[in-house]
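A short write-up of the structure that comes next.
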Amino acid sequence: MEEFQPSWWLIVTYLLLMFGIGIWAARTRVGRMEDMAVAGRSSGPWLIAFSVAATWINGTTLIGISGVAKDFGLSAYWTGGSFVLATIWMSYYVVPRLRATRIITVPQLFERFYGPRHRLVSLSLIILRDLGATAGVMGSLAVVTSSILQISLLQSLALVGALTLVYVFLGGMWAILVTDAIQFFIVSIGSVALVVFGFLGAGGFSVLRSIEDPDFLGSFGTGGPSQVIAWVVIGISITFGYQSVIQRGLAASSTAAAHKGFLYGGIISTIWYMVPPLIGVLGRALYGADISGDDVFLRMTFGVAGGQLGSIIIVGILAASMSTLDSTINTIASNFTIDIYNRFLNPNASPRAQLWLYRLNVILVGALAAAIYYVFPLMIELFWLGGRIMGASVAPVVAAMVLFPRVRRAPRTVLTSMLTGASVIILYQILGSVQEVGTIVVVWTVDPILIGVPITVSLLALGTWWETRNPRSLRGRN
């Protein structure tokens with residue numbers, strides 16, 4: 001890899017700014033658990049929009065989707081584009097209804113309709129996804145820092161974990177929303193500049209002619225229609241149960257602000273998601289098909305950009321990763337505090353006790369995520385391992401609960417559907433046919449999500465009809 005000397009003053013200035021915002025939020029904005037989890041429900045539409053966009057635009061999508069595009073072509077867009085299209089849809093039909101419940105976490109919604117058992121089951125399935133996402137994003141940060149500091153992966157994981165945890169520990173969601181807005185602009189400028197300089201350095205669009213594979217630049221890439229469909233289904237199903245995004249809607253000052261924030265954030269992200277596939281395709285054209293997927297983005301940064309621009313892009317990666325990492329850590333820490341400690345272990349805990357337990361959970365979650373990535377260092381696949389489980393269990397149920405009141409009267413069906421969908425996905429990911437294990441993703445003969453989601457949706461539809469078919473059986477239920 002080319003010799004690269006980063007501008008340390010840019011990197012240090014950025015980190016000091018992030019820590020300063022965390023200290024500001026801790027001193028002026030945070031006094032109770034609700035401030036940590038949903039920023040006191042007082043954020044405006046543009047702050048929500050930039051935060052939603054920054055959550056989807058992260059180091060894993062920059063580095064990971066660039067790597068996927070190196071192998072699969074421009075069709076890699078759908079590994080992220082499906083998430084943000086679902087976000088736009090949620091702005092109209094899901095977020096306004098969730099806000100009306102006044103929940104802070106998704107498991108609270110399950111208890112509202114079905115009781116504590118459903119809350120615990122949904123919590124377990126959601127955490128599987130969020131821990132995988134946290135580990136994947138932490139890994140993208142570790143890849144960058146280990147490259148520029150020339151340190152081991154383990155040392156890098158410890159460093160980036162400590163940096164992120166500090167300002168989440170201090171300011172919670174308030175710090176996250178403000179820093180997300182700043183990070184969004186840094187990421188956008190740096191990543192778009194890399195594409196522009198990549199084309200200029202390669203001599204324009206003619207560089208794409210050097211790619212000999214005729215399917216690479218086609219509509220479905222080298223993975224084919226089934227792979228693209230699987231990416232779309234994964235993205236949509238994960239989004240419906242993605243607490244880190246949902247909590248931004250709950251943090252808005254009004255339903256109108258939440259709707260606009262999700263709509264604007266989804267549109268912005270939909271456009272931006274064209275950038276990582278272009279970086280991956282450019283990297284393949286410039287450096288050949290043999291370059292490792294997880295090296296493409298950094299190779300482009302160090303080789304094409306260099307100098308001050310390269311340093312800005314490095315700051316962009318740090319910003320992108322931290323904007324999502326802080327969100328997922330915040331969400332899981334909120335789950336442990338609200339859904340376990342405050343609900344079952346100590347319902348009468350004081351606001352101060354809840355706040356400090358949340359902060360302790362932040363540290364524990366960060367350490368656990370670092371350990372997961374160290375054992376299983378596949379960025380995008382970490383998003384999808386737990387994401388498939390949640391996407392084929394909790395997510396369809398959340399969408400059905402919000403949109404179809406009849407589902408709220410079918411507790412046995414809901415529990416059976418979630419457990420069946422999760423079990424099918426887990427068994428398939430253990431026993432299913434793997435076509436290829438890459439540096440970024442695992443390629444399946446048939447993606448597990450295409451098996452799990454239809455089963456869950458079918459059980460949910462048929463079971464709800466059966467369980468609620470007799471009006472007398474509904475008496476006394478919510």
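The values are calculated or read from the model by the stated rules, or taken from the named source; none is laboratory data. Just so it is clear, the structure is predicted and the values come from calculations on it, not from any experiment. Note that we place each Cβ from the backbone using ideal geometry, even for glycine, and neighbour counts take in every protein chain shown. Just so you know, the surface numbers come from the protein's heavy atoms only, side chains and all, with ligands and any DNA or RNA stripped out. Shrake-Rupley method; radii C 1.70, N 1.55, O 1.52, S 1.80 Å.
For the reader, a short list of remarks on this structure follows.
- Scope the stretch 108-137; condition among the aromatic types (Phe, Trp, Tyr) and open to solvent by 10 Å² or more (accessible area, probe 1.4 Å); matching residues: PHE113, TYR114
- Top-ranked residue in the stretch 232-281 [being over 20 Å from TYR92 (Cα atoms) and either acidic (Asp, Glu) or touching a Phe, Trp or Tyr at 6+ places or on another chain (Cβ under 7 Å) (or both); ranked as surrounded by the fewest Cβ atoms within 10 Å (Cβ to Cβ)]: MET274
- Every residue from the stretch 380-414 that is of a type in the set (S, T, N, Q) and in a helix (DSSP H, G or I): THR413
- Boolean, PHE336 is at pLDDT 85 or above, assigned to a helix (DSSP H, G or I) and aromatic (Phe, Trp, Tyr): yes
- The stretch 42-62: number of residues that are under 14 Å from the mean Cα position of the chain (by Cα) and of a type in the set (A, V, I, L, M): 5
- Selection within the stretch 415-462 - touching a Pro at 6+ places or on another chain (Cβ under 7 Å) and in a helix (DSSP H, G or I): ILE425, TYR428, GLN429, VAL453, THR456, VAL457, LEU460
- Scanning the stretch 232-247 for residues that are assigned to a helix (DSSP H, G or I) and small (Gly, Ala, Ser) returns GLY235, SER237, SER244.
- Restricting attention to the stretch 335-385, the residues that are of a type in the set (D, E, K, R), over 23 Å from VAL160 (Cα atoms) and in contact (Cβ under 8 Å) with a residue 24 or more places away in the chain add up to 2.
- Put simply, of GLY438, GLY432, GLY391 the only residue that is open to solvent by less than 10 Å² (accessible area, probe 1.4 Å) and either within 21 Å of SER82 (Cβ to Cβ) or modelled with pLDDT under 95 (or both) is GLY391.
- A count restricted to the stretch 361-372 and to residues that are open to solvent by less than 10 Å² (accessible area, probe 1.4 Å) and closer than 20 Å to VAL442 by Cβ stands at 1.
- Check on ALA367, at pLDDT 85 or above and either of a type in the set (Gly, Ala, Ser) or touching a Phe, Trp or Tyr at 6+ places or on another chain (Cβ under 8 Å) (or both): no
- Count of residues meeting criterion [in a helix (DSSP H, G or I) and surrounded by 21 or more Cβ atoms within 10 Å (Cβ to Cβ)] in the stretch 96-107: 3
- Scanning the stretch 394-429 for residues that are of a type in the set (Ser, Thr, Tyr) and either open to solvent by 20 Å² or more (accessible area, probe 1.4 Å) or without any contact (Cβ under 8 Å) to a residue 24 or more places away in the chain (or both) yields THR416, THR420, SER423, TYR428.
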